[in-house]
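The values are calculated or read from the model by the stated rules, or taken from the named source; none is laboratory data. Small disclaimer: the values here were computed from a predicted structure and weren't measured. No Cβ is skipped: glycine too gets one built from the backbone with ideal geometry, and neighbour counts run over all protein chains shown. Accessible surface areas use protein heavy atoms only, side chains included; no ligands, DNA or RNA. Shrake-Rupley method; radii C 1.70, N 1.55, O 1.52, S 1.80 Å.
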Amino acid sequence: MPRSTLTPLYTPDRNATEKALLKRYMDWLFVKKGLYFRDYDDLWDWSVTDLDHFWESIWQFFDIQGHTPYHQVVFRPNRLDMIGVSWFSEATLNYAEHIFRHRTAQRPAILFASEQHPIVASLSWDALEQQVAAMAAYLRQQRVGVGDRVVAVLPNCPEAVVAFLATNAIGAVWSSCSPDFGTASIVDRFQQIEPKILLAADGYMYNGKPIDKTETIRELRTNLPTLQQVVWVPYLASDSHLEGTTRWEDVLETPAPEGLTFEPVPFNHPIWILYSSGTTGKPKAITHSVGGCLVEHLKVLALHQDVRIGDRYFWYSTTGWMMWNFAIGSMLVGATLVLYDGAVGYPNLNVLWELAEETQITHFGSGAAYYMACLRAGLKPVDTVKLPYLRTIAATGSPLSPEGFRWIYEAVKPKVWLISFSGGTDVCSGFVGGNPLLPVYEGEIQCRLLGCKVEAFDENGKPIRGEMGEMVILEPMPSMPIYFWNDRNNELYRKSYFEEFPGIWRHGDYIRITENNGVIIYGRSDATLNRDGIRIGTSEIYSAVESLPEIVDSLVVGIEQPGGQYFMPLFVVLRDGAELTNELVSRIKQALKSQFSPRHVPDAVYSITEVPYTISGKKLETPVKKILSGMNSSLATSKGTLRNPAALDQFINFIK
């Protein structure tokens, strides 16, 4: 298919494409399998129509080590159902074992910095192996075995990575929450899965303030009756301790005479339990498989983000966001993992760019909201830091606006590969994202990922091109959930994805597949605006409104009213010193009308102090819509899952 005539922001040069692992994979397919593909579109089409041979090629190209061989790549008992699909039957393997294939004395395993310890610390592969071996030996001492659950309330620190790798090494199941979650939110998650062991920090630092979590840990011990032991991680204060717990330092003294060993488990054995946001109900305990995450992470990180041996990989995250789990996957392909714990704006918004310079980061990732905050603050890292090693900048969490794309090329680095990446907790990976062989166009995600049969459906359930439609996935993927924990007959699983189109995964985003076979995401379909039968993506509103110098942030919702009426209010956060004058409201409306259409113009504009966000950085559109429609706020969302819960009070008061 012909590519766009628009001028790209970035085009990979011949040297970059020749070195790209995706190019090497295509060459390997030709040499080893006799498969020739004209271009990426041709390769993608094969990957989503011949699932058996595509996923088998991923296994072989990355030399995945099975302790027992697989007999069948894909087994689908019901062709009309994605639930119950089995992958690589009879194979046994271990995720952590594949990470330690890259142990070396030539480079560190982990680099770490935080608000509390801004000087970068390094953890060698030898030290990592010793700590993981000791932690695994401790877990075995506590009679934690295959399938048992180990949970953690830890900051984004090396101890969390060590604990996960040890848990996985013995075949147990990992689950974590960030310490900035409210106590009730943590209980709602962990109570469902009946953990044996809890690892907990005494607190964390955020915006320069120490936040003690001792009382939270006491409450968790009371509310998690299956706990056999709590491991205390003195993160804020080295001398802190909670009575009746085992200190982290003592765990690391556990003898491991056989060193680090790995328990092989079936391909479809659970690796970790992640959770839905819980903003509109009890969090769903989404359970992924060891093998599914292994093949998916190898595919995306190597082929779609071009992470190579010796690279340094960073993604700003917390342990409560799936990007933390995904970032650990960079170690599967031989990268050094760079961690940071703290607020992105403390002491200023340049802190992460300074970290990138100091640690020579190759791949820099964050939520789109961070880049937009840098843009609005007038930040220009290109003038303050040197980033010669930086090859990719990646964004996820919410759609990155065209202005965000331009800012990265103008203010950070003119020659860098920008990866806009979208997927979710649902698959602990992405459906659409980067491609080292293709140009980057403003506001557009480069491609649908290999093995992800993504389409846009119209209201009749038919694929469409060049128009906004419902994002669906037509074929199963190995990293789709194996089940939701304690979900009888997969009822909740089926309701979450397969209710509207039986047998087809409906993801809940509105997208457009472009003439480039790229993708533009317009936002959540349950938050999408509908004016006179025309669907409008909220991202379009934000793009136009937030480009005005007086506006820092915004939120728009559409409210159905009696008699078929529709009310679309726009809420804006003003820059210090700015006022919501009639003249500014007129400019807002004119910007929306001229850039998009009269239907994009709100019915009213209101000033608010801040937009409510989830902890993972997503605007709280649907719950605000429910509150403004009259729903009790406690039913519309759980405040414990919000980054700034007090921001909701504005909308509650608005109704009053």
Give the shape of region 93-175 as rounded, prolate or oblate, defined through the alpha-carbon gyration tensor: a ≥ b ≥ c are the square roots of its eigenvalues, a/c under 1.5 means rounded, and otherwise the shape is prolate if a/b is larger than b/c and oblate if not. oblate
Residues with amide H under 5 Å from that of SER89, placed H, sequence gap 5 or more: HIS71, GLN72
Sorted by packing (mean other beta-carbon atoms within 10 Å per residue), highest first, where do 590-603, 619-632 land? 619-632, 590-603
Treat every Asp and Glu Cβ in the chain as -1 and every Lys and Arg Cβ as +1, leave all other atoms uncharged, and give the resulting dipole magnitude about the Cα centre to the nearest 20 debye. 580
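Taking region 503-601 on its own, what percent of its Cα-Cα pair distances exceed 22 Å? All intermediate terms of the calculation are to be shown ahead of the outcome.
On the way: 1796 of 4851 pairs.
Tail fraction, whole percent: 37.
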Could you let me know the centre-to-centre spacing of region 285-320 and region 244-259, using Cα atoms, in angstrom? 28
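Within the chain, what percent of beta bridges assigned by DSSP are antiparallel, to the nearest 5? Write out the running numbers ahead of the final one.
Numbers: 54 of 96 bridges.
Just about 55 percent of them are antiparallel.
Hey, any idea what % of region 116-204's accessible area is carbon plus sulfur with a 1.4 Å probe? The partial results should precede the final answer.
Details: 1120 of 2430 Å².
Of the solvent-accessible surface of region 116-204, carbon and sulfur hold 46 percent.
Please state, rounded to one decimal and in Å, the Kirkwood hydrodynamic radius that region 1-145 gives when every pair of distinct Cα atoms enters the mean of 1/r.
Details: mean 1/r = 0.0499 Å⁻¹.
Over region 1-145, the inverse of the mean reciprocal pair distance is 20.0 Å.
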Starting from 0 in steps of 10 Å, tell me what percent of the Cα-Cα pairs of region 355-401 lands in each bin. 25, 53, 21
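Beta carbons within 10 angstrom, averaged per residue: use that to sort the peptides 350-356, 79-85, highest first. Before the final figure, lay out the partial values.
Values: 350-356: 20.3, 79-85: 14.9.
Peptide ranking by packing, descending: 350-356, 79-85.
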Tell me which of GLY84, PHE651, ILE110 sits at the most positive position along the dipole axis of the chain, charges placed on C-beta atoms (Lys, Arg +1; Asp, Glu -1). GLY84
One would report the Cα pair-distance distribution of region 151-252, bin width 10 Å, in %, as 15, 53, 30, 2
Pull out a ≥ b ≥ c, the square roots of the eigenvalues of the alpha-carbon gyration tensor of region 146-204, then state rounded if a/c is under 1.5, prolate if not and a/b is larger than b/c, and oblate in the remaining case. oblate
Helical contribution to [θ] at 222 nm, DSSP H n ≥ 4, -39,500 (n - 2.57), averaged over the chain, rounded to 500: -8000 deg cm²/dmol
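If you take the square roots of the eigenvalues of the alpha-carbon gyration tensor of region 253-323 and sort them as a ≥ b ≥ c, do you get rounded (a/c under 1.5), prolate (a/b over b/c) or oblate? Can you show the working numbers first?
Details: a/c = 1.61, a/b = 1.17, b/c = 1.38.
Cα axes put region 253-323 in the oblate bin.
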Bin width 10 Å, alpha-carbon pairs only: give the P(r) of region 455-523 as whole percents, running from 0 to the bin holding the largest distance. 20, 46, 26, 8, 0
Taking H placed 1.01 Å from N in the peptide plane, check which residues at least 5 places from VAL173 or on another chain put their amide H under 5 Å from its amide H. GLY147, ASP148, ARG149, VAL150
Hey, what do the phi angles of region 391-402 turn into as Karplus ³J(HN,Hα) couplings, whole Hz, using 6.51/-1.76/1.60 and θ = phi - 60°, x for Gly and Pro? 9, 10, 10, 10, 9, 7, x, 7, x, 7, 6, x
Any idea of the accessible area per residue across the chain, 1.4 Å probe, to the nearest Å²? 39
Can you give the local net charge around HIS67? Use residues other than it whose beta-carbon is closer than 10 angstrom to its beta-carbon, Lys and Arg +1, Asp and Glu -1. -2
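Within region 48-94, what whole-number % of the accessible surface is contributed by carbon and sulfur, with the 1.4 Å probe and all protein chains included in the calculation? Let's see the in-between values first.
Details: 1120 of 2240 Å².
Answer for region 48-94 is 50 percent, counting heavy atoms of protein chains only.
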Taking all pairs of distinct alpha-carbon atoms in the chain, Kirkwood radius in angstrom: 25.5
Need one number for region 532-655: average projected area of the convex hull over its C-alpha atoms, nm². 8.0
Cα-Cα pairs of region 316-382 separated by more than 21 Å (percent): 25
Protection proxy (average C-beta count within 10 Å per residue), highest first, orders 249-259, 200-210, 436-446, 222-232 as 436-446, 200-210, 222-232, 249-259
